[in-house]
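One structure is given here, and the rest of the page talks about it.
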Amino acid sequence: MNDHCHSSPRHPRRAGSATRLTQPPFAASSAGLVFVTAFPSRALMARYVVEIAWETEVWVADATTHLIHFNGSRFLGPYR
């Protein structure tokens, strides 16, 4: 899960994390990837909502029991 601790949801740290998931020990896993962006509040999420990629799940700390799905063909489905 990505925490939104940078100035943008598309921070280089996020890209590097996703790349590492294709290398050992994760490369042998049959589990698919689900991308989740986390925000501490809905107010902060609102500042970046136009930058959130489609097919992304968003979790907000001030609404812990809910996920927001940015529409596409999958809902919590893995990327292959």
>> Let me confirm something: among SER17, SER73, which residue is out of contact with any Lys or Arg (no Cβ under 9 Å at 6 or more places or on another chain), at pLDDT 65 or above and either loosely packed, with under 11 Cβ neighbours inside 10 Å or among the polar types (S, T, N, Q) (or both)?
In response: SER17
> Restricting the first residue to region 44-55 and requiring it to be in contact (Cβ under 8 Å) with a residue 12 or more places away in the chain, which pairs with a second residue that is part of a loop (DSSP other than H, G, I, E, B) meet a Cβ separation below 6 Å and a spacing of at least six or different chains?
Replying inline: TYR48/PRO9; GLU51/PRO9; ILE52/PRO9; ILE52/PHE70; TRP54/PHE70; TRP54/GLY72; GLU55/GLY72
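Quick check on GLU57: is it surrounded by 11 or more Cβ atoms within 10 Å (Cβ to Cβ) and at pLDDT 70 or above? Quick ask: steps written out before the conclusion?
Values: surrounded by 11 or more Cβ atoms within 10 Å (Cβ to Cβ): yes; at pLDDT 70 or above: yes.
So GLU57 passes the test.
The values are calculated or read from the model by the stated rules, or taken from the named source; none is laboratory data. Here the structure is a predicted model, which means the values were calculated and not measured. Cβ: placed from backbone, ideal geometry, glycine included. Neighbour counts: every protein chain shown.
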